[in-house]
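**Q** Input: one structure, supplied below.
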């Protein structure tokens, strides 16, 4: 079974958001949690663009900010 690239992107994004929220809840560093989660998500992705995107998130200076920005862009695109 193949997953559509958009579904794969949303799944990875939501997973990273959950990691960020759990880190905040448990008073851990959300950037560390998102970096680890994004690295794992990049390994799961079958779409090259998604794989590369989440690999870059995992290497970013502020990965939680990147994930928050991606969510904002997605929400704005959906609301149009």
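**Q** Take the alpha-carbon positions of the range 40-80, form their convex hull, and give its projected area averaged over all directions (one quarter of the hull surface) in nm².
**A** 3.1 nm²
**Q** To the nearest 10 degrees, how steeply does helix 5-25 sit against the main Cα axis of the chain, on a 0 to 90 scale?
**A** Computed tilt is about 10 degrees.
**Q** Could you give the angle, 0 to 90 degrees to the nearest 10, between helix 63-79's Cα long axis and the longest principal axis of the Cα atoms of the chain?
**A** 40 degrees
**Q** Do you know the relative contact order of the range 5-79, to the nearest whole percent, from alpha carbon pairs under 8 angstrom that are 6+ apart?
**A** Once divided by the residue count of the range 5-79, the mean separation gives 30 percent.
**Q** While we're on this one: Counting each pair of different Cα atoms once, what's the Kirkwood radius of the chain in Å, rounded to one decimal?
**A** The answer is 12.5 Å.
**Q** Measure nothing but the geometry: give the 0 to 90° angle between the long axis through the Cα atoms of 30-44 and the longest principal axis through the Cα atoms of the chain, rounded to 10°.
**A** That helix lies at roughly 30 degrees to the long axis.
**Q** So what's the gap between the Cα centers of the range 59-80 and the range 1-37, to the nearest angstrom?
**A** Value for the Cα centre distance between the two parts: 11 Å.
Throughout, read-outs are computed from the coordinates displayed, never taken from laboratory work. Keep in mind that this is a model prediction, so the values were computed, not measured.
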